[in-house]
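The values are calculated or read from the model by the stated rules, or taken from the named source; none is laboratory data. What you see is a predicted model, and the numbers here were worked out from it, not measured in a lab. Cβ sites come from the backbone with ideal geometry, for glycine too, and all protein chains shown count toward neighbours. Accessible surface is based on the protein model in full, side chains and every heavy atom, while ligands, DNA and RNA are left aside. Shrake-Rupley method; radii C 1.70, N 1.55, O 1.52, S 1.80 Å.
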Amino acid sequence: MNKTLIGILSGLGAASIWGGMYVVSKVVLNVIPPFTLLTLRLILGILSLGVVIALRPKAKMTSLQAWQIFLVGFVGYGVSLGFQFVGTKLSTASNGALVTSATPAFILIFAPFLLAERTTLRRILALVISTLGVVAVIDPRNAELSPTLFWGNMSLLAAALTWALYSVLVRKVSQTTDVVTSTAIMLAGGLPSCFLMSGWELHTQGVGTITPGIIGGILFLGIISTAIAMFLWNYAFAELPAAVASLTFFAQPVVGSFLGWAFLKESITPLFLVGGVMIAIGLVISSTE
């Protein structure tokens, strides 16, 4: 039970950090293009985790395991986040929040095939309740289904699908490896494609004025939102059944909406409170099976 609680708190911590990341990202992305920022985040994340790895006993890992972990990272940080950036650019933020909330449902689909986890009625009920909760938080009435946004919405769907695949694969490879070390290798897996896209961005767009505030934002995104949050997310999937860990993802839109209301003067509705309670109920149902 202690491991379950720690795993849930780790997943909630990661999702909460990512929810808060929206406010900082909105400022930094006005100055630094998205793939360039992601490249900086991955490098800072690797360096931060590298310090921790250097201070701990060396973890045992074969070259085959390292390559498998690297490829898992490529799926998560090279492919999934790439689809997310493209989808956000070609669609809308509301559509992005709504479509990517399908991630836990995809995880529930992948888990039986890749992890041999049972899909129980209790877990399905928990997913349905939590999904209805996140729909209430996001408010799908803000979504746009215009044909001009089709490819953007498809990219967002691909992002949700590949992030679900990444999360399930994390549990598969983390069973026999050190989570800190494997997280650093996974972050490195996203660098090849990010370097490529970042080079194109810098050639065509360049960057804006770098101020101390922007530097602080980059450090927050690299150390807190990448190194710490990615470790917490991977730890949650290493310790919990994928179907349970996936529900902690729903903390992200709750925290993001709350901070948007607190700092960006964005509005929230009574449905926000109802949705938050429903997400919590779904997590409790799933974790007490």
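To keep it simple, each residue is scored yes or no on (1) outside any helix (DSSP H, G or I); (2) at pLDDT 75 or above; (3) open to solvent by 20 Å² or more (accessible area, probe 1.4 Å).
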| position | (1), (2), (3) |
| --- | --- |
| N234 | no, yes, no |
| A238 | no, yes, no |
| S246 | no, yes, no |
| F250 | no, yes, no |
| S257 | no, no, yes |
| L271 | no, no, yes |
| G275 | no, yes, no |
| I281 | no, yes, yes |
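Farther than 15 Å from F237 by Cα and either open to solvent by less than 20 Å² (accessible area, probe 1.4 Å) or under 19 Å from the mean Cα position of the chain (by Cα) (or both), is that true of M186? Here the answer is no, as M186 does not meet what is asked.
Against the test of being more than 18 Å from I228 (Cβ to Cβ), open to solvent by less than 30 Å² (accessible area, probe 1.4 Å) and out of contact with any strand residue (DSSP E or B) (no Cβ under 6 Å at 6 or more places or on another chain), the options G78, G45 yield a single qualifying residue, G78. Here the range 199-224 is the region considered, the condition is being open to solvent by 10 Å² or more (accessible area, probe 1.4 Å) and either touching a Phe, Trp or Tyr at 6+ places or on another chain (Cβ under 7 Å) or among the aromatic types (F, W, Y) (or both), and the residue that is farthest from A14 (Cα to Cα) is W200. Taking the listed residues L71, L49, the one that is at pLDDT 95 or above and under 16 Å from S167 (Cα atoms) is L71, with no other qualifying.
L81 meets all of the listed conditions (1) farther than 17 Å from L196 by Cα; (2) modelled with pLDDT under 90; (3) of a type in the set (A, V, I, L, M, F, W, C) but one, namely (1). So how many residues does the range 6-30 have that are open to solvent by 50 Å² or more (accessible area, probe 1.4 Å) and touching a residue at least 24 places away in the same chain (Cβ under 8 Å)? Summing the residues that are open to solvent by 50 Å² or more (accessible area, probe 1.4 Å) and touching a residue at least 24 places away in the same chain (Cβ under 8 Å) in the range 6-30 gives 6.
Would it be correct to say that I107 is hydrophobic (A, V, I, L, M, F, W, C), in contact with a helix residue (DSSP H, G or I) (Cβ under 9 Å, 6 or more places away or on another chain) and buried (at least 22 other Cβ atoms within 10 Å of the Cβ)? Yes: the conditions hold for I107.
The conditions of being without any contact (Cβ under 8 Å) to a residue 60 or more places away in the chain and of a type outside the set (A, V, I, L, M, F, W, C) are met by P57. A Cβ distance below 6 Å, combined with a sequence gap of six or more or placement on separate chains, defines the contacts here; from the range 119-130, residues that are closer than 16 Å to F249 by Cβ reach residues that are part of a helix (DSSP H, G or I) and open to solvent by 20 Å² or more (accessible area, probe 1.4 Å) in the pairs A126/I285; L127/L108; I129/M278; I129/I281. Any residue in the range 173-180 that is under 25 Å from I107 (Cα atoms), open to solvent by 40 Å² or more (accessible area, probe 1.4 Å) and under 17 Å from the mean Cα position of the chain (by Cα)? Checking the range 173-180: not a single residue is under 25 Å from I107 (Cα atoms), open to solvent by 40 Å² or more (accessible area, probe 1.4 Å) and under 17 Å from the mean Cα position of the chain (by Cα).
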